[in-house]
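Below is one structure, written out as structure tokens; the observations come after it.
The values are calculated or read from the model by the stated rules, or taken from the named source; none is laboratory data. Remember, it's a predicted structure, so these values are computed and weren't measured experimentally. Backbone-built Cβ (ideal geometry, glycine too); neighbour counts: all protein chains shown. What goes into the accessible areas is simple: the full protein's heavy atoms, side chains included, and nothing from ligands, DNA or RNA. Shrake-Rupley method; radii C 1.70, N 1.55, O 1.52, S 1.80 Å.
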Amino acid sequence: MPYYHSAGLVPPKRHTQHRDEHGQLYYEELMGEEGFSSDSSLLYHRFLPSAIRAYREWELRDQTLVPNHPLIPRHLSTHKIFAEGDTGVDAVTGRRLLLGNDDVRIAYVVADSVSPYYRNGIGDECLYLEEGDALVETIFGDLTVGQGDYVVIPRATTYRFVPLGGSVRVYAVEANSHITPARRYLSKHGQLLEHAPFCERDLRLPTDPRVVEEENVEVHLKHRGPRGVVGTVHTLPQHPFDVVGWDGCLYPFAFNVRDFEPITGRVHQPPPAHQVFEGNNFVICNFVPRKVDYHPLAVPVPYYHSNVDSDEVMFYCGGDYEARKGSGIGQGSISLHPGGHPHGPQPGAMERSLGIEYFDELAIMVDTFRPLLLGEAGRATDDGTYVYSWERNS
Ligand SMILES: [Fe+2]
């Protein structure tokens, strides 16, 4: 993020001596993006941040990806991935892979247990909470999050995910790059512009850093391997949460989808009006409850569209999505509309939408510029019939 923030104890001048009450120097760490030519923060550690006492392999869940071939639109069901009563699942090691390519992976988890300490060395993460409450403890401080929150966590941020009072449904977008607000919303210096559908006041930053005294703490590290994503566990001699203060423009934050102010018009607004974030070769949009098109002859559901450069993934996570009625899609569903195939409302949806003034629907959309492949959870929950949904009811 481009906004400067300071938390905890930092010295008045950067790169100068910073000592605790016993005269011991703190260890300054510069955490920066793009070869230190982009956003960064300075963190002050009580112990050496480089120290590793032991290491071992972390065997990730199935990360295989299978091409969407023969090419068809698909309907996946996140709510069928985990059985009712599945326990002992955490939001890091329990993620099940739905879709992915060389730029982004989309996974889902219903977590009831505290995750291990974790660091994604591959890219930023954007976790969307479909349901439940959690505390995301990070090296920068804590974020209290709940239903409808996006949690954007920069690459290599150490954190753990603590469900509060029950299970949490998490839709995890793991980038191989950085995730930022849509760049066209930003001024040349990075301020969210007046036409953006959200602003800095809507972003929630971490509390002051949490300092924990503990030895021999494991951190699960996700990183690149010769054939894709792999994992390693480092045992650190001291707890990774030893930061007494930090400042800069690189940190995790939360943003609730209800704080996204929809852009509406007399006639149908194009999909980019719904954009919130972007990464390299993908965008994240949200369709929120909103007043719909108010031209007297408006057709409120979308026109058929061929986004010729993208695959489109919609995650239906609230209300009743007007354009998909009759397709079998419901809460927790995912539709995959691949590039090369025009798509749009299900039969009858256009007529049913005429005269409607308000859509009570909530969906998170990821559009990728490279084709998406199917992960094990996507393959396991594909209904196999969505491809016929426009034809069979017409
Ligand atoms: Fe679409």
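Restricting attention to segment 357-394, the residues being of a type outside the set (Gly, Ala, Ser) and surrounded by fewer than 14 Cβ atoms within 10 Å (Cβ to Cβ) number 8. When GLN346 is tested against (1) in a loop (DSSP other than H, G, I, E, B); (2) within 16 Å of the ligand (Cβ to nearest atom); (3) surrounded by fewer than 16 Cβ atoms within 10 Å (Cβ to Cβ); (4) not acidic (Asp, Glu), only condition (3) is not met. ILE329: assigned to a strand (DSSP E or B), within 21 Å of TYR108 (Cβ to Cβ) and of a type in the set (Val, Ile, Thr), yes or no? In short, no. Scanning segment 7-45 for residues that are open to solvent by 70 Å² or more (accessible area, probe 1.4 Å) and in a loop (DSSP other than H, G, I, E, B) returns LEU9, PRO12, LYS13, ARG14, HIS15, GLN17, GLU21, HIS22, GLN24, GLU34, PHE36, SER37. Among residues that are among the polar types (S, T, N, Q) and within 26 Å of the chain's Cα centre (by Cα), GLN331 is included.
Taking HIS268, is it open to solvent by 20 Å² or more (accessible area, probe 1.4 Å), within 19 Å of ALA349 (Cα to Cα), in a loop (DSSP other than H, G, I, E, B) and at pLDDT 95 or above? Before you say what the answer is, go through the steps one by one.
Values: open to solvent by 20 Å² or more (accessible area, probe 1.4 Å): yes; within 19 Å of ALA349 (Cα to Cα): yes; in a loop (DSSP other than H, G, I, E, B): yes; at pLDDT 95 or above: no.
When the stated conditions are applied, HIS268 does not pass them.
Restricting VAL283, VAL299, VAL308 to residues that are open to solvent by 20 Å² or more (accessible area, probe 1.4 Å), away from the ligand (no atom under 13 Å from the Cβ) and either part of a strand (DSSP E or B) or among the β-branched types (Val, Ile, Thr) (or both) narrows the list to VAL299.
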